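Student: Starting off with a structure, shown below.
The values are calculated or read from the model by the stated rules, or taken from the named source; none is laboratory data. Predicted model, so just to flag it, every value in this text is computed and none were measured. In this analysis, Cβ positions are derived from the backbone assuming ideal geometry, glycine residues included, and neighbour counts consider all displayed protein chains.
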Protein chains: 2
Amino acid sequence: MERIAVGMLGLGNVGSGVAHLLGQCGDRIAVRSGKRVDLKWAVVRDPAKSRDVDLAGVRLVTDARRVIEDPEVGVVIEAMGGTDPALSLILEALAAGKDVVTANKALLAEHGPQVFAQARKYGRAIAFEGSVGGGIPIIQALGVSLAANQVQSLAAIVNGTCNFILSAMTQDGLTYDVALRQAQELGYAEADPTLDVDGSDTAHKLAILAQLAFGASVKTAQIAREGIDRLQLADLKYAAELGYAIKLLALAKLSDSGLELRVAPTLVKKGTPLAEVRGPYNAIRVVGDAVGDTFFYGRGAGMMPTASAVVGDLIDVVVGRAALTSRALNLWPEAAPAPRLSSAAQVRSRYYLRFTIADRPGVLAALAQALGAHAISIASVIQHDPGDDAPADSPVPLVIMTHSAVEAELTAALAEIDRLDVVRAPSICLGVEE
Amino acid sequence: MERIAVGMLGLGNVGSGVAHLLGQCGDRIAVRSGKRVDLKWAVVRDPAKSRDVDLAGVRLVTDARRVIEDPEVGVVIEAMGGTDPALSLILEALAAGKDVVTANKALLAEHGPQVFAQARKYGRAIAFEGSVGGGIPIIQALGVSLAANQVQSLAAIVNGTCNFILSAMTQDGLTYDVALRQAQELGYAEADPTLDVDGSDTAHKLAILAQLAFGASVKTAQIAREGIDRLQLADLKYAAELGYAIKLLALAKLSDSGLELRVAPTLVKKGTPLAEVRGPYNAIRVVGDAVGDTFFYGRGAGMMPTASAVVGDLIDVVVGRAALTSRALNLWPEAAPAPRLSSAAQVRSRYYLRFTIADRPGVLAALAQALGAHAISIASVIQHDPGDDAPADSPVPLVIMTHSAVEAELTAALAEIDRLDVVRAPSICLGVEE
């Protein structure tokens, strides 16, 4: 049986999972691919460090060039994360004639054009199932299985940290800060969670999904992005009262006005599959013109789920499918026309609004008038009686759910409302996904 | 650009959907595959019949051999359904050097070994994403994306007719007969719904899934099968009271005692993804040793969702991936060892039991004793007060949910219980899926 030597760059969480799985499922890979895969090299910072995974037969080195220059190596798995030195090593590996498997979403989102141009130049394959949704095969679904469809929309929960925090806030009534600490204690959030909670990680993944589903080469910076770090528990509670959960969604919608891309905490109707995604799980809803709505769910991160995707990719590469897919998909093509992105002015949605107002006669009328002047009609209102004990003229919350409205009009209305002297705090506005 | 001629056998619901999609998405296929796909032939019973779909450029013929003997044709799409003449035409098409795309689950479940042996003999590809779960890419997921995993269990709702009927019974309190009529009126059930409601269709799909996930070549007849046609509304109501929905599940579980395969109406905890699958939708939960639990959801049948899968397969064939997958997967290999199937005696589950008993002192004790004698312990009981107006000694329902029990023990206990003179009707027993 033909043997294929594999070199792995990095032996952290994902790398260790891959090494473990390769140790376990060599026979399975042989059956499925007709080839023996040997993990020959692993590039690490400290070869002497003790590790939990069985690395018999694997040569640990610090110098990645040993791997890239080894003519026996057919596939390089990049499991370092980050851009430097991952990007230059991937480019070198491709130039040296190796196929590359990576789960590095930030790298693909930011440097996709360069990486895929290099792969084309040297006729190599890049497989990256692990980059979005961990073990959920969403890359394969969008790139291959649903290829007969024009995707019309995507709505995705692709950051397990955020989903864990939002689930804990919703189910246990924790504030954001307490829920974040719990996530950190359980290993679902990093010590510095910024890239997760500010929506950057979700935006990276959306950039990759947008390329696959719409052929849209967008930079992460082009994606309107809001995180969960300023989300207040009160809004999760009012949303629940209205029958909604709040999820950090990556949203992509194709319409006559172009492609709308955004990352934002969004209200999702309870009982729909997306709303029921709990804890660190991920899920992606894809609507295609032929298939209708589909939904993919699973563990979006973690050692073994991501390793499942990486080793699945490795099999795909070894069988020779990945090369055909890479060629057929022609991702991040050179000289691609800039995608026509919808401007916020054109986007329509229902909106959840929360105002902090003085508890005085006429205030609701003033707000309703400002909304009405911008053609925004009100679907429902929550204002609870503050009780007789509340000090007179103390600020009270007023929650309004609108019917479908144009975002530009809403922004203008909110600016006017926030200038009213009966309004005591900046208004809160969240989109609603049906 | 290279052109590939396609011949289609059958132009019913799925065939028309495929013709429509091919007419619409020719450019998309060209972009994704680098080739032009022309639907050259469609084999129909009556070429003169008027049809809703644009068939410009398609030659309608009654004789399938015209298609199979056309050297220009590279791919044959079988969209006739049934076994005769679909089986012999597929075998002839493969022998004539054509790749084959089919969504014919009954044919694959019953004649998989013959079809795949023929494909191997002539070095051709067979693609069959549409055979299970309509537009949901579960074949690709099990065959390719999750290939690094040993699948541990599958639980699938793969018959939209049954799921529609069960949803209507649950949500609207309809009896089975009324819900079936509603399904027929809405086009979700055939005039003769037998193969759907008796679980045969689900068993066919499970046979295919078992081959993909476990390499188990099982005949449909080897799969323990129960349909929904004898399900009573009362059991859906008691299940709901206990916090469960009832779904017709295809179940496959790997354990030390072998592979358990069964099709049965099963209690599924509300709030879990499977329980929330409504109407004609399908869903498949796959648990893999590396990936953990994953869940795939979408429209499981219908013209365009199935066409989405068939045209996706066609692209896969044209790109050349399907040939590699067919070879690598080596499905239904000749001389495959018989799978080690678990016998019911070894299967463990929680069970939902409903007894119809005389409303007399000591009856619950007699039942509990019979269960206890077989090491079956009771998790919860529902017995509602029949009210003072009920005639003395009239039969009343008693519902018991057990803890995990061995099926053989349960069967023995139920046989004893059904012989008690206080028991007025055969007991009802349904499994519970956690």
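Student: Just checking, does the stretch B:111-134 include any residue being part of a loop (DSSP other than H, G, I, E, B), within 19 Å of B:Arg299 (Cβ to Cβ) and among the hydroxyl-bearing types (Ser, Thr, Tyr)?
Tutor: no
Student: Scan the stretch A:152-159 and give yes if some residue there is touching a residue at least 24 places away in the same chain (Cβ under 8 Å), part of a helix (DSSP H, G or I) and hydrophobic (A, V, I, L, M, F, W, C), otherwise no.
Tutor: No, the conditions are met nowhere in the stretch A:152-159.
Student: For the stretch A:32-45: of the residues being touching a strand residue (DSSP E or B) at 6+ places or on another chain (Cβ under 9 Å) and assigned to a loop (DSSP other than H, G, I, E, B), which is surrounded by the most Cβ atoms within 10 Å (Cβ to Cβ)?
Tutor: Selected residue: A:Val44.
Here is a yes/no grid of residues against (1) at pLDDT below 95; (2) over 26 Å from B:Met80 (Cβ atoms); (3) not assigned by TED's automatic domain parsing to the domain that holds B:Gly10:
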| site | (1), (2), (3) |
| --- | --- |
| B:Leu209 | no, no, yes |
| B:Ser217 | yes, no, yes |
| B:Gly243 | no, yes, yes |
| B:Ala250 | no, no, yes |
| B:Lys253 | no, yes, yes |
| B:Leu261 | no, yes, yes |
| B:Thr266 | no, yes, yes |
| B:Asp289 | no, yes, yes |
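Student: Give just the number: which of (1) under 30 Å from B:Gly130 (Cα atoms); (2) surrounded by fewer than 22 Cβ atoms within 10 Å (Cβ to Cβ) does A:Ile126 not satisfy?
Tutor: Only one criterion is unmet by A:Ile126, namely (2).
Student: Let me ask another. Evaluate the stretch A:267-284: report whether one residue or more is in contact (Cβ under 8 Å) with a residue 12 or more places away in the chain, part of a strand (DSSP E or B) and more than 14 Å from chain B (Cβ to nearest Cβ).
Tutor: Taking every residue of the stretch A:267-284 in turn, at least one turns out to be in contact (Cβ under 8 Å) with a residue 12 or more places away in the chain, part of a strand (DSSP E or B) and more than 14 Å from chain B (Cβ to nearest Cβ).
Student: With acidic (Asp, Glu), closer than 21 Å to A:Val287 by Cβ and surrounded by fewer than 24 Cβ atoms within 10 Å (Cβ to Cβ) as the only criterion, which of A:Asp192, A:Asp235, A:Asp256 stands out?
Tutor: The match here is A:Asp256.
Student: Against the definition (among the basic types (Lys, Arg) and touching a residue at least 40 places away in the same chain (Cβ under 8 Å)), how does B:Arg181 come out, yes or no?
Tutor: No.
Student: Step by step: first the residues of the stretch B:300-317, then only those that are more than 21 Å from B:Ala117 (Cα to Cα) and of a type outside the set (Gly, Ala, Ser), then the one that is farthest from the chain's Cα centre (by Cα). Which residue is that?
Tutor: Looking at the filtered set, the residue picked out is B:Ile315.
Student: Taking the stretch B:232-266, which residues are more than 14 Å from chain A (Cβ to nearest Cβ) and closer than 24 Å to A:Pro305 by Cα?
Tutor: Selection gives B:Leu251, B:Ala252, B:Lys253, B:Ser255, B:Asp256, B:Leu259.
Student: Can we say A:Leu341 is touching a helix residue (DSSP H, G or I) at 6+ places or on another chain (Cβ under 7 Å) and among the hydrophobic types (A, V, I, L, M, F, W, C)?
Tutor: Judged against the criteria, A:Leu341 is a match.
Student: Just one of the numbered conditions (1) within 30 Å of B:Ile138 (Cα to Cα); (2) touching a residue at least 12 places away in the same chain (Cβ under 8 Å) is not true of B:Arg360; which one?
Tutor: B:Arg360 satisfies all of (1) within 30 Å of B:Ile138 (Cα to Cα); (2) touching a residue at least 12 places away in the same chain (Cβ under 8 Å) except (1).
Student: Follow-up. Just checking, does the stretch B:15-30 include any residue being surrounded by fewer than 23 Cβ atoms within 10 Å (Cβ to Cβ), within 19 Å of B:Leu94 (Cα to Cα) and in the same structural domain as B:Arg321 (by TED's automatic domain parsing)?
Tutor: No, every residue in the stretch B:15-30 fails to be surrounded by fewer than 23 Cβ atoms within 10 Å (Cβ to Cβ), within 19 Å of B:Leu94 (Cα to Cα) and in the same structural domain as B:Arg321 (by TED's automatic domain parsing).
Student: The conditions are (1) under 20 Å from the mean Cα position of the chain (by Cα); (2) in a loop (DSSP other than H, G, I, E, B); (3) in contact (Cβ under 8 Å) with a residue 24 or more places away in the chain, and B:Asn149 fails exactly one of them. Which is it?
Tutor: (1)
Student: Working carefully through the options A:Val399, A:Val363, find the one that is crowded, with 18+ Cβ neighbours inside 10 Å and more than 33 Å from the chain's Cα centre (by Cα).
Tutor: A:Val363
Student: Hey, B:Ala95 hits all of (1) in contact with a Ser or Thr (Cβ under 7 Å, 6 or more places away or on another chain); (2) away from chain A (no Cβ under 14 Å) but one; which does it fall short on?
Tutor: (1)
Student: Right, another one. Touching a Pro at 6+ places or on another chain (Cβ under 7 Å), charged (D, E, K, R) and surrounded by fewer than 18 Cβ atoms within 10 Å (Cβ to Cβ): is that true of B:Asp388 in this structure?
Tutor: no
Student: So B:Lys270 clears everything in (1) surrounded by fewer than 24 Cβ atoms within 10 Å (Cβ to Cβ); (2) in contact with a Lys or Arg (Cβ under 7 Å, 6 or more places away or on another chain) except one condition, right? Which one?
Tutor: Single failed check for B:Lys270: (2).
Student: Could you name every one of the strands (runs of 3 or more DSSP E) located completely within the stretch A:287-387 that has at least 1 residues being basic (Lys, Arg) and within 14 Å of another protein chain (Cβ to nearest Cβ)?
Tutor: A:292-299
Student: Can you give me the number of residues within the stretch A:109-119 that are under 22 Å from A:Leu195 (Cβ atoms) and either among the polar types (S, T, N, Q) or in contact with a strand residue (DSSP E or B) (Cβ under 7 Å, 6 or more places away or on another chain) (or both)?
Tutor: The total comes to 2.
Student: Follow-up. What do you reckon, is A:Arg285 modelled with pLDDT of 95 or more and under 18 Å from the mean Cα position of the chain (by Cα)?
Tutor: Taking the combined requirement at face value, the residue satisfies it.
Student: Also: So in the stretch A:318-336, with the set limited to residues that are under 25 Å from A:Ser16 (Cβ atoms) and surrounded by 24 or more Cβ atoms within 10 Å (Cβ to Cβ), which one is farthest from the chain's Cα centre (by Cα)?
Tutor: A:Val318
Student: Okay, moving on. Restricting the stretch A:108-154 to residues that are of a type in the set (D, E, K, R) and over 18 Å from A:Val310 (Cα atoms), which is farthest from the other protein chains (Cβ to nearest Cβ)?
Tutor: Only one residue tops the list, namely A:Glu110.
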